[in-house]
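Report on one structure; see the data block that follows.
The values are calculated or read from the model by the stated rules, or taken from the named source; none is laboratory data. Note that this is a predicted model, so its numbers are computed, not measured. Here the Cβ positions follow ideal geometry from the backbone for every residue, glycine too, while neighbour counts run over all protein chains shown. In case anyone asks, the SASA skips ligands and DNA or RNA and just uses the protein heavy atoms, side chains included. Shrake-Rupley method; radii C 1.70, N 1.55, O 1.52, S 1.80 Å.
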Amino acid sequence: MANDLMQANILATLQGIQTALEKRNNTPLSLFKGDAQDPIEWLDNFEKAATANQYDKKYKFQIVGGYLQGSPAIWFLQETDANAQHRIIRWTPINAGEKNTSFTTQFETKFRTPILISKWHMELEKRTQSPREVVTEYVKAIKKLIKRVDSRRNWTEEQKIYFFTKGLRTNLLYVLWSLLALKDNSTINMAIKLAQRIKDNQKMHLEFTLPVFAPASVMALAPQMAAVSFAAQIQDPNEQLIDRLTTNLVWLLELLAQAVREN
C-alpha cells in the first residue's frame, strides 16, 4: 500500500511538472503597478497575452499575483487571504453570485477609480474624428473609451450611439442621422456599419470637387433640399436605399458642412 501511495504521488508530481512545462510564455505579460496606470487596458492586455500563451482561467489566477507590484500586490495578498471577507478564489465569475470572489470583477472595482472614470468620461465628451482619421480608427478609440466608462455595460444603445455619432465629421454625421431615423431599435454596431458604408459610398460616388465658395442662397437652401431628397426616398424598401441616399445627399450636405464651418 505504501509503495502504491508513493508511486501515485510521484506520478502526480510528474504530471504537474509536465503541465507546467507545457505552458508557453511566448507572449510576455506586463506588470500592473497602480497609480495612473489604466487597469482596464492592463487587464485586456493580460487576457490577450494569456490567450496567446494558451493559459486557462485556473492558471491565470495562479500567476496573476506575480504581475502585480506595490499597492496592487498588497491588495491581492489581502483579498486572497483565507480570512478575507470576500476571499478571491477564481479568475472570473460564472454567475452573479461569484462576482465578489472573482479576480477580474474585484480588480476593476478596486482600481477603476472615480478619478479615472471622470478622466475617461471627459475624453469621451471631447473626442472627435480628426480630419485625416479614418472611420475604423475613430471607432476603435470610441469603443475603448466607452468600455472604460461603462465597464459594467449599463449604458443604453442610445447613449452609445450618441457618443459615437457626435464626434463624426459632418459629411458623415448628417447622412448617418437620417439613416438611423429609418431604423427601429438602432444599436451602436448598426451605426458603426452604416458610417463605414456611407464613407465607402462617398469615395465611390463623389467624383467631383466642391467649389471653395458657394453662393449664400445655395447654402441657405441646402438643409431644405437635403430634406426633400431624403423624403423622396424614405419609402424605398430596397437594400440599395443607403447607396442611393448617400449619392444624392452627399453634395448637399457638404455644402451645409461648409456653411457651418464658415460660420
- Scan the stretch 98-117 and report the pairs whose first residue is farther than 21 Å from Lys48 by Cα and whose second residue is in a helix (DSSP H, G or I) and of a type in the set (A, V, I, L, M, F, W, C), with Cβ atoms within less than 7 Å and a gap of 6+ or a chain change. Lys110/Trp75; Ile117/Val149
- Query: Any residue in the stretch 160-173 that is within 30 Å of Gly65 (Cα to Cα), without any contact (Cβ under 8 Å) to a residue 24 or more places away in the chain and not acidic (Asp, Glu)?
  - Reply: no
- Query: Can you spot a residue in the stretch 77-90 that is under 25 Å from the mean Cα position of the chain (by Cα) and open to solvent by less than 60 Å² (accessible area, probe 1.4 Å)?
  - Reply: no
- Message: Criterion first (among the small types (Gly, Ala, Ser), open to solvent by 30 Å² or more (accessible area, probe 1.4 Å) and under 25 Å from the mean Cα position of the chain (by Cα)) does Ala36 satisfy it?
- Response: yes
- Among helices (runs of 4 or more DSSP H) entirely inside the stretch 28-134, those with 1 or more residues being closer than 30 Å to Tyr162 by Cβ are 39-52, 103-111, 114-126
- Item | Ser178 vs. criteria over 21 Å from Trp120 (Cβ atoms), open to solvent by less than 50 Å² (accessible area, probe 1.4 Å) and part of a loop (DSSP other than H, G, I, E, B) | no
- Among the residues listed as Ile161, Ile142, the single one being closer than 21 Å to Asp38 by Cα, assigned to a helix (DSSP H, G or I) and β-branched (Val, Ile, Thr): Ile142
- Scan the stretch 103-146 for residues that are buried (at least 17 other Cβ atoms within 10 Å of the Cβ) and more than 17 Å from the chain's Cα centre (by Cα) and jot them down. Phe103, Thr104, Thr105, Gln106, Phe107, Phe111
- Task: Quick one: which residue in Glu41, Glu47, Glu22 is modelled with pLDDT under 60 and either acidic (Asp, Glu) or within 22 Å of the chain's Cα centre (by Cα) (or both)?
- Result: Glu22
